[in-house]
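Structure first, commentary second.
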Amino acid sequence: SKLAALFEHPLYNIPVPEVTEKDKLFVVNPMEKFSLRSSGSDEWVSSSKVETLLPTGKTAYDTYPIWLKFHVGINRYELYPRRDPLMPTLLQDLATQRIISSVQKSGGTQLKLIMTFPNYGQALFKPMKQTRDQETPIDFFYFSDFERHNAEIAAFHLDRILDFRRIPPVSGRLVNITKEIRDITTDKKLAKTFFISPAGNICFYGECSYYCSTEHALCGKPDRLEGSMAALLPDKTLAKRRSWRSPWRRSYHKSKKAEWELNPNYCAQVRETPPYDRGHRLLDLIDMTVLDFLMGNMDRHHYETFEKFGNDTFLLHLDNGRGFGTHSRDELSILAPLQQCCSIKKSTYLRLQLLATQPYLLSDLLREALATDPLAPILAEPHLRALDRRLGKVLAVVGRCLAR
């Protein structure tokens, strides 16, 4: 396994700072346990209602469902550890856990569903909208592009290979529209949008700003539909998140340009603006820029951080569905923060150099990682080849900066 060899490499074993209690998102109550309601049941209840006797040597943490262990593990420095023993089980749960509730997620421009599991875990479901080999039409504006389920899956694995670990775990899943959405939804608005197509397939379209109409309905074959299942982050009432407008946000207008597109010295004023005037926030944003360029995502208007950790923490790389839309063109404007600031973390640069060489070619590593997903193949081969080409362009930009 090239992936296993990569994670053994010294560049992937740089220790994170020691995590103290104040660096953890949650402080665990050692007395709070979870127990199965009955033998053979997959439903969980809190032990504040049920007296639980733990087997010898077991801690309360051992009784937690896997999604809760994921939440408890989040800290100031990483969303999940490099060698996370929970990850295979968490991804399997996202792909196989019984769905007991499906409702439409409010807000956003396109239809997304929140799925709930018997153990109180939840996932964000983005349905399949186009096939693997369809490219975004060249005349489409970035803000009217589809969100792709396979892009969410590929982005999670790419983020992990780059050692950022800032995207919540995502798995592909084949969902039964009838049994796992229509028959169990309590969302009346969503329920009204189901119909049977002339071909006899079950379809629905929900309510949203774009692409929620009969003409853009999501249809099963006859009721099977692919989608991505992303583990939800802790509820915002328990762990507040702050949303930050990206300084390199696009204009989201058909003809207007943003300031950074007109001013080549734009980075100088960003460097003087909090929170980019101290710490590693600007470098973290440039990490995100590299990720976005590699997958061709032009839609990074905001990013989020956990409020508890202030400005000294990682950026969450959420909403990656508009990545991997094109493989035949590279959008160099995505790299504007790197080009204008001429700054990058040394550790990121060294890993990018490593991923451009055998036996650690980025395309090979992502191909191997994606082969384990239930919906494999996730990306068409031209998208994987484009990664190596784009990585070469990132290294060339850094090379020019170093020469200057």
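The values are calculated or read from the model by the stated rules, or taken from the named source; none is laboratory data. Just so it is clear, the structure is predicted and the values come from calculations on it, not from any experiment. Reconstructed Cβ throughout: ideal geometry from the backbone, glycine too, with neighbour counts over all protein chains shown. The area values use the complete protein model at the heavy-atom level, side chains included, leaving out ligands, DNA and RNA. Shrake-Rupley method; radii C 1.70, N 1.55, O 1.52, S 1.80 Å.
Using the basic label-point model (7 angstrom from Cα toward the beta carbon), what is the Val16 to Tyr210 distance in nanometres?
Distance between label points: 3.3 nm.
Select from Gln340, Gln134, Gln122 the residue whose mean-square fluctuation is largest in a Gaussian network model of the chain (Cα-Cα springs shorter than 10 Å).
Gln134
Work out how much length Thr237 to Lys346 would gain on full extension: take 0.36 nm times their residue separation and subtract the Cα-Cα distance, in nm to one decimal.
Using 0.36 nm per residue and subtracting the Cα-Cα distance, I get 35.6 nm.
Any idea how far the Cα center of the stretch 198-219 sits from the one of the stretch 229-298, in Å?
32 Å
Mind sorting out which of (i) 26.5; (ii) 27.4; (iii) 22.6 is the real Kirkwood radius over Cα pairs in Å computed from the coordinates?
(iii)
Between Asp62 and Arg245, what FRET efficiency follows from the Cβ-Cβ distance if R0 is 35 Å, with the result rounded to 0.05?
According to the calculation, E is roughly 0.25.
From Cα pairs below 8 angstrom and at least 6 apart in sequence, can you work out the relative contact order of the stretch 241-403, rounded to a whole percent?
24 percent
Magnitude of the Cβ-charge dipole of the chain, K/R +1 and D/E -1, about the Cα centre, nearest 20 debye?
Computed about the Cα centre, the dipole is about 540 debye.
Calculate, for Lys188 and Leu402, the FRET efficiency according to 1/(1 + (r/R0)^6) with r their C-beta to C-beta distance and R0 45 Å; round to the nearest 0.05.
With R0 = 45 Å, the Cβ-Cβ based efficiency is 0.15.
Counting Lys and Arg as +1 and Asp and Glu as -1, what is the net charge of the other residues whose Cβ lies under 11 Å from the Cβ of His301?
Counting the neighbours of His301, the net charge comes to +3.
How many percent of the accessible area of the chain is carbon or sulfur, using a 1.4 Å probe?
54 percent
Using packing as a proxy for protection, rank 347-355, 6-14 so that the peptide with the highest average count of other Cβ atoms within 10 Å comes first.
Ranked by mean Cβ neighbours within 10 Å, highest first: 347-355, 6-14.
Go ahead and estimate [θ] at 222 nm for the chain from helices alone: -39,500 (n - 2.57) per DSSP H run with n ≥ 4, summed, over the residue count, rounded to 500.
-8000 deg cm²/dmol
Dipole of the stretch 241-403, Cα-centred, from +1 at each Lys and Arg C-beta and -1 at each Asp and Glu C-beta, to the nearest 20 debye?
For the stretch 241-403, the charge dipole is close to 400 debye.
Excluding Gly200 itself, calculate the net charge of residues whose Cβ lies under 14 Å from the Cβ of Gly200, where each Lys or Arg counts +1 and each Asp or Glu counts -1.
In short, +1.
Between Arg271 and Tyr252, what is the label-to-label distance in nm when each label sits 7 Å out along the Cα-to-Cβ direction?
3.0 nm
Among 208-219, 103-114, 279-290, how do they line up by average Cβ neighbours within 10 Å per residue, starting with the highest?
279-290, 103-114, 208-219
Before I look further, what does the chain give for accessible area per residue, probe 1.4 Å, in whole square angstrom?
That works out to 47 Å² for each residue.
Of Pro374, Val397, Ser347, which is farthest along the charge dipole of the chain in the positive direction, counting Lys and Arg as +1 and Asp and Glu as -1 at C-beta?
Val397
Determine the gain in length on full extension of the stretch Leu174-Asp23; use 0.36 nm per residue of separation and subtract their C-alpha separation, reporting nm with one decimal.
Contour length minus the Cα-Cα distance gives 50.6 nm.
Can you give the local net charge around Cys342? Use residues other than it whose beta-carbon is closer than 9 angstrom to its beta-carbon, Lys and Arg +1, Asp and Glu -1.
It works out to a net charge of +2.
Between Glu135 and Lys393, with labels modelled 7 Å along Cα→Cβ, what's the label distance in nm to one decimal, could you check?
Between Glu135 and Lys393, the label points sit 1.2 nm apart.
With a bin width of 5 angstrom, please list the P(r) values of the stretch 255-335 as percents of all Cα-Cα pairs, from the 0 bin to the one holding the largest distance.
Result returned by the calculation: 3, 13, 20, 23, 21, 14, 5, 1, 0.
Just need the relative contact order of the chain here, percent rounded to a whole number, with Cα pairs under 8 Å and 6+ apart.
With pairs under 8 Å counted, the relative contact order is 17 percent.
Report the FRET efficiency, 1/(1 + (r/R0)^6), for His280 and Ala199, where r is their Cβ-Cβ distance and R0 is 45 Å, rounded to 0.05.
0.30
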